[in-house]
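Here is the structure we will look at, set down as structure tokens.
The values are calculated or read from the model by the stated rules, or taken from the named source; none is laboratory data. Computed from a prediction, not measured in an experiment: that's the story for all the values here. Cβ sites come from the backbone with ideal geometry, for glycine too, and all protein chains shown count toward neighbours. Calculation scope for accessible area: heavy atoms of the full protein, side chains included, ligands and nucleic acids excluded. Shrake-Rupley method; radii C 1.70, N 1.55, O 1.52, S 1.80 Å.
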Amino acid sequence: MAITAGIDLGTGAVKTVLFRVDGDDVEWLGKRVDRIRNRDPLQLARRAFEELLEAQGMKEDEFDYIATTGDGENVAFSTGHFFSMTTHARGAIYLEPEARSVLDIGALNGKAIKVDERGKVLSYRMTSQCASGSGQFLENIARYLGIAQEEIGPLSKQADDPETVSSICAVLAETDVINMVSRGISAPNILKGIHLSMAGRLAKLLKVIKAGEGVTLMTGGLALDEGLVAALNEALVAQKLKLDAKGHPDSIYAGAIGAAIWGAFRHEKLQQQGGLAKAQQ
Amino acid sequence: MSTADIIKRCEALYEDLHFSAAREWKAADPSRKVIGYMPVYVPEELIHAAGMLPLGIMGGGDQMEVIHGDAYYQSYICRIPRSTIELGIAKRLDFVDGMLFPSICDVIRNLSGMWKLMFPEVYVRYVDVPQNYRDDIGGAFYRQEMQELLEALEELGGRKVSEDDLRASITVYNENRALIRDLYRMRSETPWQVPSAELYLLSRAGLVLPVEEHNAMLRDYLASVVDEERPIKDNCRIVINGSFCEQPPLNLIKSIEMSGCYIVDDDYCLVNRWLKEEVPTDGDPLGNLAYAFLHNSADTAAKYAETEEDVGAQLVEIIKDTKAEGVIFAAPSFCDPALLWRPMLADKISEHNVPYISFKYAENSGQMAPIREQAGTFADSIKLWS
């Protein structure tokens, strides 16, 4: 049995989860998400962890493994770090055991990951360095349009004649949007156009990794954008991919969940080797 | 001196492309001479015995813009000769009295000729090494090479070098090599205690400081670092191979460790570890150095291997000794020796079921995200699935 924590330091938010893992018996003890908003992410990670422990009535020395992921390599109190691809894959399988592919759409990039039933990464592909397939881009557009982030999805679904935007370059896409606003295109049609553009790129990633059939679980900050989910399913049909893309209410925690569960796995392995210090010598 | 102070000093030396420490050493006595050398190895004992300062030139790193150097080489040539030429043209090496170009590859061999033409006032020598490991053939050849180098240094310095001078220099370099071995051993046994970026900076400092000063620095570090309270991380243990000539930027070394890999052995700054055991201080000093080269020296793609079995044998041994769980082949772009050897080394370690990844870098590589991605997924695959 292992008590573990998973901390996912993203570009926009820090996600923290606590787990108790005993073989196949996995119990989720607590969770919280903190927007970074110009704060020091390392200090925020520490405070979030401490406050979550306090809320759960737990102490740090009860933990067998504190795992970080995302940009959490420098979290001083962690036991180990896992790459985000590895943790999103495992977190997705925990949230949706039927999933065999994962789309992690974070603030700065999107990743398509093919996984097996154990959460092992079989192949993956990331969007290129351009930010037009990312949450940050969508957040910027929402700000230009003067709408709140939670309104993006519902508004996008009201579109009746979506406008095409550049799917390659975030700068050109933002120029497209400014032109659309001046031409009087409605916000729903602009947003749906952006969603379709992003969905087209993401569907191509799934094609490249040969995602096959079945459920694609969306994780990361944009997983609950219902407009993007709808656009993605349209793009999957258009590209003849037999995949069903869906989000999960806890999709945003997928990376942190994967880190905590892999942390428990590592703890057990390290125990067999005589503990962390001995295993490292 | 505290660990932090030592590393701060090493960092300043690493970043100083005007080589102020060597300039100050030379300025302290007008009769002093400085002899520059390039990777991978030169017998520094000879330079030291002649009363001169050996100065390791590892290119311009990631802080120097190469403008003139690019005009001398085609686009498919690595960066270290370009940035070394840039150092020369920019007069950053104008205090150096001699330059040694060891036998690494055709590019560096040709650079020795270019240096002669570009800087005719500087003593320049291409340092050839044995291609045969019999004492009576390769040993005799290499001893003669060293004898010629020693005579040239005597002429440059205006004084004879006695056998006792050479023995004294071998003694002080034996101590240096022993301290470096202690440092590497400490990192391998407790990798969380000796971060690779610190080890690298300490090793690099040895290329620009008098060896006696470097020995004192190493002793201070070894004494102070044991008291540092540094957390143990659940990382995998890996060996770096292929970085023996053009050096990676410091950020690359940091990125690999940040990605979840403890580097437990590497081939950076090999001059400090080239001779693997103590060189005897009795008998014929040049003969002893030649024997050590033939029978007790490190293995790289830049050194001739007599049989196919020899290729990668040391790497396998290092993996076993350090209990490494994988290998990262990190070679400079366009480095013919490292890149041509890589498949053979990869085959050899695959026979022992050792996983590996490969990537290329340049001394001025700035984008670390792809490196972190590769090293991170490699670390995860070892920790979770091996």
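Worth pointing out:
- Test result for residue B:204, within 23 Å of residue B:298 (Cα to Cα), within 14 Å of chain A (Cβ to nearest Cβ) and not polar (S, T, N, Q): no
- The residue of region B:270-293 that is surrounded by the fewest Cβ atoms within 10 Å (Cβ to Cβ), among those that are touching a Gly at 6+ places or on another chain (Cβ under 7 Å) and farther than 25 Å from residue B:247 by Cα, is B:291.
- The residues of region B:142-151 that are crowded, with 17+ Cβ neighbours inside 10 Å and more than 12 Å from residue B:48 (Cα to Cα), listed by number, are B:142, B:143, B:145, B:146, B:149.
- In the set (1) among the basic types (Lys, Arg); (2) modelled with pLDDT of 95 or more; (3) over 15 Å from the mean Cα position of the chain (by Cα), the condition left unmet by residue B:230 is number (2).
So that you can scan it fast, the table gives a plain yes or no per residue for (1) within 14 Å of chain A (Cβ to nearest Cβ); (2) in contact with a helix residue (DSSP H, G or I) (Cβ under 7 Å, 6 or more places away or on another chain); (3) open to solvent by 20 Å² or more (accessible area, probe 1.4 Å); (4) under 20 Å from residue B:77 (Cβ atoms):
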residue: B:314; (1), (2), (3), (4): no, no, yes, no
residue: B:347; (1), (2), (3), (4): no, no, yes, no
residue: B:357; (1), (2), (3), (4): yes, yes, yes, no
residue: B:374; (1), (2), (3), (4): yes, no, yes, no
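- Considering region B:306-333, and only residues there that are assigned to a loop (DSSP other than H, G, I, E, B) and under 19 Å from the mean Cα position of the chain (by Cα), the residue that is nearest to residue B:249 (Cα to Cα) turns out to be B:333.
- Boolean, residue B:66 is β-branched (Val, Ile, Thr), open to solvent by 10 Å² or more (accessible area, probe 1.4 Å) and not in a strand (DSSP E or B): yes
- Candidates are the residues of region A:117-126 that are within 13 Å of chain B (Cβ to nearest Cβ) and part of a loop (DSSP other than H, G, I, E, B); the one that is surrounded by the most Cβ atoms within 10 Å (Cβ to Cβ) is A:119.
- Of all the residues in region B:208-235, those that are within 14 Å of another protein chain (Cβ to nearest Cβ) and either aromatic (Phe, Trp, Tyr) or out of contact with any Lys or Arg (no Cβ under 7 Å at 6 or more places or on another chain) (or both) number 7.
- The set of residues in region B:1-43 being in contact with a strand residue (DSSP E or B) (Cβ under 7 Å, 6 or more places away or on another chain) and not in a loop (DSSP other than H, G, I, E, B) consists of B:22, B:25, B:26, B:34, B:35, B:36, B:37.
- Matching residues in region B:152-179 - criterion: being surrounded by fewer than 17 Cβ atoms within 10 Å (Cβ to Cβ) and not in a helix (DSSP H, G or I): B:158, B:159, B:160, B:162
- When residues of region A:87-116 are limited to those that are among the β-branched types (Val, Ile, Thr) and either more than 27 Å from residue A:65 (Cβ to Cβ) or open to solvent by less than 10 Å² (accessible area, probe 1.4 Å) (or both), the one modelled with the lowest pLDDT: A:105
- Failed criterion for residue A:61 (all others in (1) open to solvent by less than 20 Å² (accessible area, probe 1.4 Å); (2) away from every other protein chain (no Cβ under 13 Å) hold): (1)
- Index of the failed condition, residue A:7 passing every other in (1) surrounded by fewer than 24 Cβ atoms within 10 Å (Cβ to Cβ); (2) within 14 Å of the chain's Cα centre (by Cα); (3) of a type in the set (A, V, I, L, M): (1)
- All positions within region B:119-146 that are outside any loop (DSSP other than H, G, I, E, B), among the aliphatic types (A, V, I, L, M) and closer than 26 Å to residue B:51 by Cα: B:124, B:127, B:140, B:146
- Here the condition is being modelled with pLDDT of 95 or more, over 23 Å from residue B:304 (Cα atoms) and of a type in the set (Lys, Arg); of B:143, B:82, it holds for B:82 alone.
- The single residue among B:191, B:120 that is within 14 Å of chain A (Cβ to nearest Cβ) and over 29 Å from residue B:304 (Cα atoms) turns out to be B:191.
- Meets criteria (closer than 30 Å to residue A:21 by Cβ and in contact with a Phe, Trp or Tyr (Cβ under 7 Å, 6 or more places away or on another chain)) for residue A:260: yes
- Residues in region B:254-276 that are at pLDDT below 95, within 30 Å of residue B:164 (Cβ to Cβ) and in a loop (DSSP other than H, G, I, E, B): 1 in all.
- The criterion of at least 1 residues that are acidic (Asp, Glu) is met, among strands (runs of 3 or more DSSP E) falling completely within region A:1-76, by A:2-9, A:13-22, A:25-35.
- Matching residues in region A:70-94 - criterion: being more than 8 Å from chain B (Cβ to nearest Cβ), small (Gly, Ala, Ser) and more than 14 Å from the chain's Cα centre (by Cα): A:72
- In region B:236-252, the residues that are within 14 Å of chain A (Cβ to nearest Cβ), crowded, with 23+ Cβ neighbours inside 10 Å and either in contact with a helix residue (DSSP H, G or I) (Cβ under 6 Å, 6 or more places away or on another chain) or not hydrophobic (A, V, I, L, M, F, W, C) (or both): B:236
- Condition check for residue B:267: under 28 Å from residue B:149 (Cβ atoms), open to solvent by 40 Å² or more (accessible area, probe 1.4 Å) and away from every other protein chain (no Cβ under 14 Å): no
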